[in-house]
Amino acid sequence: VTDSVDVGFLGCGTVGSAVLRLLDEHRDDIFERSGCRFEVRRIAVREPDRTRDVPVPPGRFTDDPASVVEDPEVRVVVELMGGVDPARDLVLSALRSGKRVVTANKELLAKHGPELFQAAAGSGAGLHFEATVAGGVPLIRPLIESLPAERITRLLGIVNGTTNYILDRMTEDGIAFADALTEAQRLGYAESDPTDDLEGFDAAAKCAILASLAFDTRVVADDVYREGIARVSPADIEFADRLGYVVKLLAVAELEDGDVAVRVHPAMIPRDHPLAAVRDAFNAVFVDGPNIGELMFYGRGAGGAPTAVAVVGDLITAGRLVTEGRPGLTFTWEVRHRIRPMDLMESQFYLLLDVVDRPGVLAQVAGAFGDHRVSIKSVWQEGTGDDALLVLITHRANEGALRATVEDLERLEPVLEVRSVLRVEGEE
Ligand SMILES: NC(=O)c1ccc[n+]([C@@H]2O[C@H](COP(=O)([O-])OP(=O)(O)OC[C@H]3O[C@@H](n4cnc5c(N)ncnc54)[C@H](OP(=O)(O)O)[C@@H]3O)[C@@H](O)[C@H]2O)c1
């Protein structure tokens, strides 16, 4: 048994460099607590000659990531390069040759998780991925190790800091989406190409990972229904506020009639719901189960330093398994539940309509809902001269029925426009 574990890095950017700093600064603590000393042998980057503020001896950088994975001394590979290519082939080849892998790459895991875990199981290697969801918030390990005795029924998450920051600015400062985005970019909360965050791709990948763990079944990124936040208007935010709600981009995973329903979209949640208090770029995941009741994980979902804590935690677990010669934890990722088609999913809805302001209109609008058995919970009307704004909140209804209702509303003569439709979560 040796207490020294040779480690190879794929990537040394925001997270990778923070991990290297943490390993250096806390070297003695890590040894005392884990019995492992980690030797960083090789680090693959795109530009090995660039000066970097990381405490590693010169000569450890390479632009050949395969050489990291193929180095026979390297026992643990830490993948922090992101993306699917070439990360997928590199991680697969590391796992197949029996190396442990620690990754923060949610995209890779959400798209190719089943294949990666199969490779890990085949060789007895392990794949550790705490940092893939909600950065520094311990979440993956509690779901796998602390909660298997619970049958989780629903999981609601704010798992993308960029969009939470933008919606928070729109709510607090009353500014429009585009201005909030510019501010997020100025502060470094949003990337120059923010599509992945704004369109919900990032949250959908995390939603797939969380749903897989919560329901012990296979959910991949493509299974997740997805809508981004670009269409959320200042009027939606204002009506939400008046009616006692807050607008958030939510990742929702729930069991409905034995199916797993997974979706990412903007939603109104009641102001007194614990997720409503998640401000700025923070993340939180709210879990519901019959025994545990309501449980929430909250913290910094991104940033080099918090994410590095999660990565080093995984590295220590992997290091211990290596020194003790034990196989890694396997996760089967078998299909145990069907993915619920979107049309059958259920939630409450908020609708904002522009209507002609005259007697009888409300009855016509209510009729369209009744025709599709969508029951209205509350209505708010505000006259603006010849026109009126009509805000409706429904009880829990089926997506397909709601969509059919909207189509009928759009055909009604006194309905000038269906301005918005948002889901309402965390209430019924
Ligand atoms: N940033 C966060 O807050 C955060 C939080 C949670 C999870 N994550 C995940 O962590 C991973 C890394 O994120 P990051 O923000 O640290 O990314 P980053 O700053 O862009 O760093 C990527 C690193 O990988 C290297 N790299 C990229 N492609 C490569 C290639 N083909 N060959 C060799 N090296 C390559 C880059 O080299 P150069 O340095 O030479 O460019 C860089 O060092 C991603 O999967 C991300 O989703 C990030």
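The table below lists the values:
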item	result
Fewest-first ranking of 207, 36, 12, using other Cβ atoms within 10 Å as the exposure measure	36, 12, 207
Charged-residue dipole, Cβ positions (Lys, Arg, Asp, Glu), the chain about Cα centre, Debye nearest 20	1220
Mean residue ellipticity (222 nm) of the chain, computed from DSSP H runs ≥ 4 via -39,500 (n - 2.57), nearest 500	-10500 deg cm²/dmol
Cα Rg, Dmax (largest Cα-Cα span) when computed across the range 96-218, Å	17.0, 55
GNM top mover of 190, 94, 368 - the chain, alpha-carbon springs below 10 Å	368
P(r) tail fraction, the range 1-116 - alpha-carbon pairs more than 23 Å apart, %	27
More than 15 Å apart - percent of Cα-Cα pairs taken over the range 72-144	49
Cα centroid separation - the range 144-208 against the range 1-65, whole Å	30
Anisotropy class of the range 152-197 from Cα gyration tensor, a/c 1.5 cut	oblate
Antiparallel %, DSSP beta bridges [both residues in the chain], to 5	70
For the range 143-273, alpha-carbon Rg relative to the globular expectation (2.2 N^0.38 Å, N residues)	1.11
Among 121, 363, 277: highest mean-square fluctuation, GNM of the chain, C-alpha pairs under 10 Å	363
Within-12-Å neighbourhood charge of residue 312 [Cβ basis; K, R +1; D, E -1]	-2
Evaluated over the range 303-373, the Cα radius of gyration and Dmax, each in Å	27.0, 78
The range 210-363 - share of DSSP beta bridges that are antiparallel (%, nearest 5)	85
√(5λ) per eigenvalue of the Cα gyration tensor, the range 168-226, largest first, Å	29, 12, 9
Proxy reagent accessibility, fewest Cβ within 10 Å first, across 377, 99	377, 99
Directionally averaged shadow of the range 296-428, computed from the convex hull of its alpha-carbon atoms, nm²	13.2
Which of 81, 345 has the fewest Cβ neighbours within 10 Å, and the rest in rising order	345, 81
Options 4, 26, 44, ranked by Cα towards positive dipole end of the range 1-47, top entry (Cβ charges)	44
Debye, to nearest 20: dipole size of the range 1-80, +1 on Lys, Arg Cβ, -1 on Asp, Glu Cβ	120
Within the range 10-168: Cβ-based charge dipole about Cα centre, in debye rounded to nearest 20 (Lys, Arg +1; Asp, Glu -1)	340
Gyration tensor over alpha-carbon atoms, the range 236-295, equivalent ellipsoid semi-axes in Å	23, 14, 12
C-alpha center-to-center spacing [the range 265-280, the range 293-329] in angstrom	27
Shape of the range 206-332, Cα gyration tensor, a/c cut at 1.5	prolate
Candidates 417, 145, 39: whichever shows maximal mean-square fluctuation once the chain is modelled as a Gaussian network with Cα springs under 10 Å	145
Percent of Cα pairs exceeding the 39 Å cut-off, where the set is the chain	26
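We did not get these values from a lab; they are worked out from the coordinates using the rules stated. Source: prediction; values computed, not measured. Here the Cβ is made from the backbone with ideal geometry for all residues, glycine too, and neighbour counts use every protein chain on show.
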